[in-house]
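Undergrad: The following block contains the structure, expressed as structure tokens.
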Amino acid sequence: MTVNKFKFLGEWPAESRAAVEPSLAGLEWLVPGWCETVWIAWASVPRDNLEAEASATTSIEYPYRWAKIVVRPGFLDESVERRRSALIHELLHVFIGPLAEYAEQMADRLMKDDAPKFHETVREELRVRHESAVQDLAYAILGRERSAVAIDPAARRHACHPWSEAVRP
């Protein structure tokens with residue numbers, strides 16, 4: 001028996017929840033074993049510029065065994081395929097996030113005070129490589145779902161990562 005780890009949190013406009021639910025269908029297998037619940041929340045107002053560009057963002061509370069995906073209005077402007085892609089991407093952040101957070105914490109502990117110039121470079125490289133790994137895995141999953149249908153290059157740009165167009169063909 002599969003336990004549904006997705007729980008909707010807070011108030012949702014009806015059309016928003018109706019757009020998210022089918023995009024999550026069948027993705028429970030992407031929730032890592034450590035994560036008891038993935039809260040799915042709606043936020044109509046972004047906290048900062050990065051969030052303003054993203055259709056969804058993720059936060060992880062590894063010690064407490066939960067994660068939260070916040071969906072924003074831009075999600076509704078996406079195609080059905082792009083919505084699914086965005087949620088797969090965010091779920092992969094849940095999967096890889098604890099390792100990425102550990103690497104960031106070690107960079108902070110080892111370099112922040114003694115080598116600030118190196119610290120900034122290492123943190124940015126970790127961020128870029130984390131995003132790239134997540135997106136590469138998302139492409140692989142989507143490719144399997146579509147049984148080798150070509151990925152639309154216009155859909156390859158993750159909304160919250162403008163550098164990705166320069167990195168990916």
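All of the numbers you see were taken from the coordinates with simple rules; none came from a lab. Everything numeric in this text was worked out from a predicted model, so none of it was measured. Heads up, the Cβs are rebuilt from the backbone with ideal geometry, glycines too, and the neighbour counts pull from every protein chain shown.
Undergrad: For the pair TRP12 and TYR102, what calculated FRET efficiency results from E = 1/(1 + (r/R0)^6), where r is the Cβ-Cβ distance and R0 = 35 Å, to the nearest 0.05? Intermediate results must be reported in sequence, preceding the final value.
TA: Values: r = 33 Å, r/R0 = 0.94.
The formula returns an efficiency of 0.60 here.
Undergrad: Label GLU61 and ARG144 with points 7 Å out from Cα along Cα→Cβ: what is the distance between them in nm?
TA: 3.0
Undergrad: Work out from phi, with θ = phi - 60° and the Karplus expression 6.51 cos²θ - 1.76 cosθ + 1.60, the ³J(HN,Hα) of each residue of the stretch 134-142, listed in order in whole Hz, and give x for Gly and Pro.
TA: 4, 5, 4, 5, 4, 4, 5, 5, 5
Undergrad: Pairwise over distinct Cα atoms, reciprocal of the mean inverse distance: report the Kirkwood radius of the stretch 1-118 in Å, one decimal place. List each step's numbers first, then the result.
TA: On the way: mean 1/r = 0.0647 Å⁻¹.
Kirkwood hydrodynamic radius for the stretch 1-118: 15.5 Å.
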